[in-house]
1. Condition test on residue 377, is it of a type in the set (D, E, K, R), closer than 25 Å to residue 317 by Cβ and assigned to a helix (DSSP H, G or I)?
2. Within the range 183-197, take every residue that is under 16 Å from residue 89 (Cβ atoms) and part of a loop (DSSP other than H, G, I, E, B) and give me the one that is nearest to the chain's Cα centre (by Cα).
3. Pull up the range 117-132, narrow it to residues that are assigned to a loop (DSSP other than H, G, I, E, B) and touching a helix residue (DSSP H, G or I) at 6+ places or on another chain (Cβ under 9 Å), then point me to the one that is nearest to residue 300 (Cα to Cα).
4. I'd like the full set of residues that are of a type in the set (A, V, I, L, M) and within 30 Å of residue 437 (Cβ to Cβ), limited to the range 200-257.
5. Scan the range 216-226 and tell me whether some residue there is touching a residue at least 12 places away in the same chain (Cβ under 8 Å) and more than 17 Å from the chain's Cα centre (by Cα).
6. I'm checking my understanding of the structure. Among residues of the range 137-168 that are part of a helix (DSSP H, G or I) and surrounded by fewer than 18 Cβ atoms within 10 Å (Cβ to Cβ), which one is farthest from the chain's Cα centre (by Cα)?
7. So, in the range 435-449, how many residues would count as being closer than 23 Å to residue 174 by Cα and buried (at least 17 other Cβ atoms within 10 Å of the Cβ)?
8. How about the range 456-467: which of its residues are touching a Leu at 6+ places or on another chain (Cβ under 8 Å) and either buried (at least 18 other Cβ atoms within 10 Å of the Cβ) or not in a helix (DSSP H, G or I) (or both)?
Amino acid sequence: MFRNAHALLASVGAAALLTVACPAQPTDDATGEGEGEGEGEGEGEGEGVYAFQSRFIAGESSVSYTGQAGRHLLLQELKARIGRTDDTVIDGKTAADLKARFTFLYDFKADSGGTAEEPITVTAFGTALTQTQIGEVGVVSLRDKMRDRDLDDATAIIGWGADDLAASAVAEDIIERLTLTMIARQTAIPQAPDGTPITQTFLSASGVDHQQLLENYLLGAVAFSQGCDDYLDDSTVGKGILSDNAVQVEGKPFTELEHAWDEAFGYFGAARAFATHSVADNVGGFVDADGNGSADWLSEVNYGHARTAAQRDESSATSTRFGYDAVTALVEGRRVITAAAGPLSTAQLDTLRSLRGTIEQNWERALAATAIRSINDIVVELGAEPAAYSFVNHTTLWSELKGVLLSLQFNPRSPMLVDGAARLRQAHELVGGDAPVIARAGFADAVVDFTALRTLLQVTYRFDERDVAAW
């Protein structure tokens with residue numbers, strides 16, 4: 001057990017804490033119409049909707065983020081494929097077979113058999129997608145958008161193994177551990193500490209739910225990383241919010257800056273009309289804006305951290321607005337870019353930087369709030385009587401928590417990274433390394449550590465204690 005959390009918490013400076021403006025949010029009675037690709041878009045139409053006309057091609061939308069939507073889709077397909085890999089599928093397979101089964105979607109490319117015609121198998125919370133093939137969204141790779149492969153940043157990931165692996169190597173290590181966990185079942189079905197068989201093929205005897213861990217890590221290492229460290233960044237001339245806004249991208253209806261901002265929106269994962277929907281509708285994940293009975297993955301579905309933000313807002317005690325504030329700032333930033341109709345003035349760029357701060361703060365606070373929600377549920381599970389304790393619930397929650405904590409380092413402006421990332425390192429020590437404590441004798445000490453971790457997150461992100469209790 002780590003016992004120096006209070007000393008570290010005392011060192012958290014006020015300058016590192018996040019503050020967020022909170023404009024009014026739609027009530028549960030609010031309604032709004034989402035926009036499809038290239039339909040009904042233009043300045044002044046659909047207030048709050050992410051919809052903008054091209055200033056180069058009359059009547060055409062300038063909004064485009066198919067690559068980002070495609071990666072979110074691949075991640076959901078990968079999660080589903082892991083879940084469908086039961087013992088009948090594992091039987092007779094080699095570790096290489098299983099690794100290829102998952103890598104196919106993690107690094108979806110032609111040279112590994114990936115084609116535009118690959119069928120979509122997932123739904124939008126039970127509703128069939130408008131798109132039926134991956135190519136209708138985007139043939140893309142999750143692996144290629146890891147920061148070591150896309151941004152030439154091979155900085156080692158804090159909190160995994162010996163802290164010596166780059167971002168893509170961590171994902172591949174998790175996939176490797178997943179395949180070995182599954183292959184081991186060919187010899188013997190693993191058991192939980194109480195001796196009952198573990199039926200989830202992706203759950204190891206050491207208590208790691210690799211499906212949850214991989215999903216949450218990839219959301220951070222791809223979506224959060226690309227959003228904050230690439231498309232909203234301003235450290236490189238000609239990239240992110242310093243991209244050109246004067247010249248039309250050849251053959252496209254947008255400028256480089258318009259597209260960069262769209263890509264950040266796409267990685268957040270919100271439906272076009274998110275800011276006009278009620279919190280309950282955003283948690284539901286899909287509003288059939290065009291009434292055709294199917295879910296348009298490119299405009300009508302909330303996925304990734306956008307839906308996570310809505311979930312935390314719904315369960316908060318003080319009506320937090322993580323999702324609404326982030327999306328409203330994204331819409332307003334795009335409006336500034338479009339209205340400029342050319343290079344941004346110093347004042348307009350300053351406005352974008354301010355809006356970028358609102359987006360990143362709310363995005364990251366939604367992640368930190370999710371970590372607190374997981375901690376609260378874990379503490380309840382660890383305090384349960386043996387007959388009521390669930391090994392599966394405990395380990396699933398822990399794996400989600402671990403993936404979220406790994407994600408926090410992908411925002412270069414994160415308060416978890418100040419002072420040599422001391423708070424982030426502390427968080428990973430408190431969570432217990434690469435696997436949870438699963439022996440009942442260690443539960444009491446684990447609760448102490450989880451309580452300290454919850455306090456660390458509450459202080460760092462300035463959460464109201466009522467929300468911390470409610471999540």
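1. Against the criterion (of a type in the set (D, E, K, R), closer than 25 Å to residue 317 by Cβ and assigned to a helix (DSSP H, G or I)), residue 377 qualifies.
2. 185
3. Keep residues of the range 117-132 that are assigned to a loop (DSSP other than H, G, I, E, B), which gives 117-118, 120-123, 125-126, 128, 130-132.
Restricting the remaining residues to those that are touching a helix residue (DSSP H, G or I) at 6+ places or on another chain (Cβ under 9 Å) gives 117-118, 120-122, 125, 130-131.
Numbers: 117: 22, 118: 22, 120: 16, 121: 18, 122: 15, 125: 12, 130: 10, 131: 12 Å.
Checking each candidate, the answer is 130.
4. Filtering the range 200-257 for residues of a type in the set (A, V, I, L, M) gives 203, 205, 208, 213-214, 218-219, 221-223, 232, 237, 241-242, 246-247, 249, 257.
Listed by number, the residues that qualify are 203, 205, 208, 213, 214, 218, 219, 221, 222, 223.
5. No, every residue in the range 216-226 fails to be touching a residue at least 12 places away in the same chain (Cβ under 8 Å) and more than 17 Å from the chain's Cα centre (by Cα).
6. If we take residues in the range 137-168 being part of a helix (DSSP H, G or I) and surrounded by fewer than 18 Cβ atoms within 10 Å (Cβ to Cβ), then 149 is farthest from the chain's Cα centre (by Cα).
7. Residues flagged as closer than 23 Å to residue 174 by Cα and buried (at least 17 other Cβ atoms within 10 Å of the Cβ) within the range 435-449 amount to 3.
8. 456, 460, 461, 462, 463
The values are calculated or read from the model by the stated rules, or taken from the named source; none is laboratory data. As the structure is a prediction and not an experimental result, all values here were calculated from the model. For neighbour counting, all protein chains shown are included, and Cβ atoms are generated from backbone atoms with ideal geometry for every residue, glycine included.
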